[in-house]
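Worksheet: the structure to be examined is printed underneath.
Derivation of every value follows stated rules applied to the coordinates shown; laboratory data play no part. Note that the structure is a prediction, hence the values are computed from the model and not measured. Cβ atoms come from the backbone with ideal geometry, glycine included; neighbour counts cover every protein chain shown.
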Amino acid sequence: MAWTSIIAIYSLFWVLSAFIILPFGIKSHTEAGVEMVKGQADGAPVNFRPLRVVLLTTALSTVLFLLFYFNYTNQWVTAEDIDIFGSGERLEQIQ
């Protein structure tokens, strides 16, 4: 696998992980019992900690990418393993 592919795939895992991590541990003003500032959105978080989100996202994306990479190199799960409709066999019969 080329290093550019590694960077691209890791970036995709990182963004996906960020969307998974973002909602955890966030409280709104009504949940925290804090008064809102005029003009503030109702769903704006009180305790947003971007460094925590970045660290957790990096940890999760690294674990997911390592699982992906080891599966890529060792072929633990292949496309044939998850072909539940038998489309590979039908393609071989056509050709």
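Quick notes on this structure:
- Taking all Cα pairs closer than 8 Å and separated by 6 or more residues, the relative contact order of the chain comes to 32 percent.
- Set the Cα radius of gyration of the chain against 2.2 N^0.38 Å, with N its number of residues, and you get 1.70.
- Dipole of the chain, positive direction: furthest Cα of Val77, Met36, Ile6, with charges on the beta-carbon: Met36
- For GluC sites (Glu not before Pro), the sites in the stretch 64-95 that DSSP calls loop and that have at most 10 other Cβ atoms within 10 Å are Glu80.
- Where labels lie 7 Å past Cα in the beta-carbon direction, separation of Arg49 and Ile82 in nm: 3.4 nm
- Dividing the summed helix terms, -39500 (n - 2.57) for each DSSP H run of n ≥ 4, by the number of residues in the chain produces a 222 nm estimate of -19000 deg cm²/dmol to the nearest 500.
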